[in-house]
Amino acid sequence: MGFLYIVSIVLLIAKVMGLLAISWLWVFAPAIANVIIQISIVAFAIIVTKKV
């Protein structure tokens with residue numbers, strides 16, 4: 001009985017952590033995407049200028 005109780009608590013914590021992670025992703029995904037786009041633009045510009 002104790003083992004099942006521990007498992008249920010672990011699953012509950014995992015569920016809460018998963019929900020928090022999803023909600024944080026909703027907040028940070030646009031910012032991260034924006035940074036990645038800017039970095040790729042800069043990298044592309046550097047590649048183009050090195051080739052010329």
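The values are calculated or read from the model by the stated rules, or taken from the named source; none is laboratory data. What you see is a predicted model; the values in this text were computed from it and never measured. Areas reflect the complete protein model, heavy atoms only, side chains present, ligands, DNA and RNA absent. Shrake-Rupley method; radii C 1.70, N 1.55, O 1.52, S 1.80 Å.
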With Cα coordinates, the longest principal axis of the chain makes an angle with the long axis of helix 2-51, in degrees rounded to 10, of 0 degrees
Whole-percent carbon and sulfur contribution to the accessible surface of the chain (1.4 Å, no ligands, DNA or RNA) stands at 85 percent
Length gained, V35-L12, 0.36 nm per residue minus C-alpha separation, equals 4.9 nm
Expressed per residue, the solvent accessible area of the chain in Å² (1.4 Å probe) is about 96 Å²
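Translational diffusion coefficient of the chain at 20 °C, 1.002 mPa s, Stokes-Einstein with Kirkwood Rh over Cα pairs, in µm²/s as a whole number.
It diffuses with D of about 148 µm²/s by this estimate.
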